[in-house]
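Heads up, the thing below is written out as structure tokens.
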Amino acid sequence: MESRGVASHSNNVSSREKKTKRREILEKKKANDELIKAASSEKSHLVYFQPFCHYNRNGLSVFIESGSGDKLSSSVKQYIQNLLKVNMEVVFGPEWSTEEKVKCRDMVSSEARYIFVHEAPNATVDKTPLVGFVHFRFTLEEEIPVLYVYEIQLESHVQGKGLGKFLMQLIELIARKSCMGAVVLTVQKANAVAINFYRSKLRYTISSISPSRVDPLMGLEKSYEILCKAFDHEAKAILEGSG
């Protein structure tokens, strides 16, 4: 009789623990969903970072503004397509025709958020031409809220002047301000310059969710790596694979 009572008590405790655990998981999921929703609904993240709205270094003067995928003008869509083709066609090689279709679909999504880079006007130029952009989104990776950088593309004449690093620092500030656990991005293995930029200059790591770390054999077949920079212990443990 006594042993049955002990077993019954143990089962009740176990059941309560399961319910508590399930409730905690649901509450955490709800909180993460709300974080993503709040970050995505922000009209302009740049209002919190006014000093980052201009970049004037190394002989380059630009200003930046926010945008969203479902509000792009036809001329801006065309600009994005053209710059992607110029910068990425060689990197993707034979995969480009397929990848281009995906990128064109992604760029106009209502979830897409943009930072547009304009050349600062001078006395002889009335218009302020675009010279680059960042496309990012707020999403979940392994139940961690993250800012995912889909694209960072700059025209050749503004590269090598510190602008890319400046934009990625801004992205990290936006991610932290929005309570994201990490910044995540995908980079092509063939793009050695980009890999060096992220890993050596910005200290990004190959994520535990990257194919090469999930399954090294599968990773050999994939043309890309997933990189990340985590900001808290949980994100580091899950997305970087470090305790």
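The values are calculated or read from the model by the stated rules, or taken from the named source; none is laboratory data. These numbers come from a predicted model, not from an experiment. Note that we place each Cβ from the backbone using ideal geometry, even for glycine, and neighbour counts take in every protein chain shown. Areas reflect the complete protein model, heavy atoms only, side chains present, ligands, DNA and RNA absent. Shrake-Rupley method; radii C 1.70, N 1.55, O 1.52, S 1.80 Å.
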For the stretch 45-92, how many residues meet the condition of being open to solvent by 30 Å² or more (accessible area, probe 1.4 Å), in contact with a strand residue (DSSP E or B) (Cβ under 6 Å, 6 or more places away or on another chain) and hydroxyl-bearing (Ser, Thr, Tyr)? 1
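Report whether or not Glu225 is closer than 23 Å to Glu89 by Cβ, open to solvent by 80 Å² or more (accessible area, probe 1.4 Å) and of a type outside the set (Val, Ile, Thr).
On the way: closer than 23 Å to Glu89 by Cβ: yes; open to solvent by 80 Å² or more (accessible area, probe 1.4 Å): no; of a type outside the set (Val, Ile, Thr): yes.
So Glu225 fails the test.
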The stretch 196-221 - residue that is aliphatic (A, V, I, L, M) and in a helix (DSSP H, G or I) and, of those, nearest to the chain's Cα centre (by Cα): Val214
With the structure loaded, tell me whether Arg203 is without any contact (Cβ under 8 Å) to a residue 40 or more places away in the chain and at positive phi or whether it fails that test. yes
Go through the stretch 93-152 residue by residue and tally those that are closer than 30 Å to Asn56 by Cβ and either within 17 Å of the chain's Cα centre (by Cα) or of a type in the set (A, V, I, L, M) (or both). 25
Does any residue in the stretch 97-119 that is farther than 25 Å from Leu163 by Cβ and in contact (Cβ under 8 Å) with a residue 40 or more places away in the chain come within less than 7 Å, Cβ to Cβ, of a residue that is of a type in the set (D, E, K, R) and part of a helix (DSSP H, G or I) six or more places away or on a different chain, and which pairs are these? Ser110/Asp70
Got at least one residue in the stretch 187-195 being free of Cβ contacts under 8 Å to residues at least 60 places away in the same chain, assigned to a strand (DSSP E or B) and under 21 Å from His135 (Cβ atoms)? yes
